[in-house]
């Protein structure tokens, strides 16, 4: 599968967030979108996810040369982002069951596997609103990683994670990203993007 941006641009009112961006994202070639806070990384990711329309240019999603409509691309992607919300009234088992009623689990895995991979102890009765910020981030990551989708979008995925959490994230990336389109937004070139073979500097498209 490929995502092809051709002279793509997005502006709000009279301000261009980015423009004239041409890029092809491919499976097995993870790419980091880099830039300072407020530079437009998340906006670009929202355009790629089909949540925002382009102002100029085009974006195409090709699956074995068959074009996928932008209105259907949500079925092919998983996302981790600060603006992504969990249903905080749910317990962890309820959240897992709900999420995977819409997304297919990776082959060979079960809800029990997902639960065990999080490594939480004695929390099944607690609503997610009582989880720490780091625990919530782990839940977001595991839901995306274990969803059987060809596109994985990660916006500052190590936000709120401590060093063991970052290492846990990198282990999951190595295990579940090789055959996917993986795009990671980060404000720093550090270990959350260390596995990326491609880089895109958002300031180059102002």
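We did not get these values from a lab; they are worked out from the coordinates using the rules stated. This one's a predicted model, so the numbers in the text were calculated from it and none came from an experiment. Cβ placement follows ideal geometry from the backbone for every residue including glycine, while neighbour counts extend to all protein chains displayed.
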Picked from the range 37-50 (must be out of contact with any helix residue (DSSP H, G or I) (no Cβ under 6 Å at 6 or more places or on another chain) and not in a loop (DSSP other than H, G, I, E, B)), the residue nearest to residue 82 (Cα to Cα) is 42
Residue under question is residue 76, and the condition is that it be surrounded by 12 or more Cβ atoms within 10 Å (Cβ to Cβ), farther than 14 Å from residue 147 by Cβ and touching a residue at least 24 places away in the same chain (Cβ under 8 Å); does it hold?
no
Filter the range 7-21 for residues that are more than 19 Å from residue 51 (Cβ to Cβ) and either under 18 Å from the mean Cα position of the chain (by Cα) or touching a residue at least 24 places away in the same chain (Cβ under 8 Å) (or both); which is surrounded by the fewest Cβ atoms within 10 Å (Cβ to Cβ)?
7
Would you point out which residue out of 4, 17 is part of a strand (DSSP E or B), closer than 21 Å to residue 179 by Cβ and touching a strand residue (DSSP E or B) at 6+ places or on another chain (Cβ under 7 Å)?
4
Output for the range 144-169, where each listed residue is assigned to a helix (DSSP H, G or I) and either out of contact with any strand residue (DSSP E or B) (no Cβ under 8 Å at 6 or more places or on another chain) or surrounded by fewer than 21 Cβ atoms within 10 Å (Cβ to Cβ) (or both)
163, 164, 165, 166, 167, 168, 169
Applying the selection to the range 135-185, what residues are under 16 Å from residue 114 (Cα atoms) and under 10 Å from the mean Cα position of the chain (by Cα)?
140, 141, 144, 145
Please determine whether any residue of the range 51-70 is loosely packed, with under 13 Cβ neighbours inside 10 Å, assigned to a helix (DSSP H, G or I) and in contact with a strand residue (DSSP E or B) (Cβ under 9 Å, 6 or more places away or on another chain).
no
Farther than 27 Å from residue 73 by Cα, free of Cβ contacts under 8 Å to residues at least 60 places away in the same chain, surrounded by fewer than 16 Cβ atoms within 10 Å (Cβ to Cβ) and in contact with a strand residue (DSSP E or B) (Cβ under 8 Å, 6 or more places away or on another chain): does that describe residue 124?
yes
Flag for residue 87 being under 30 Å from residue 121 (Cα atoms) and surrounded by fewer than 16 Cβ atoms within 10 Å (Cβ to Cβ):
yes
The condition from (1) in contact with a helix residue (DSSP H, G or I) (Cβ under 9 Å, 6 or more places away or on another chain); (2) not in a helix (DSSP H, G or I) that residue 97 misses is numbered (2)
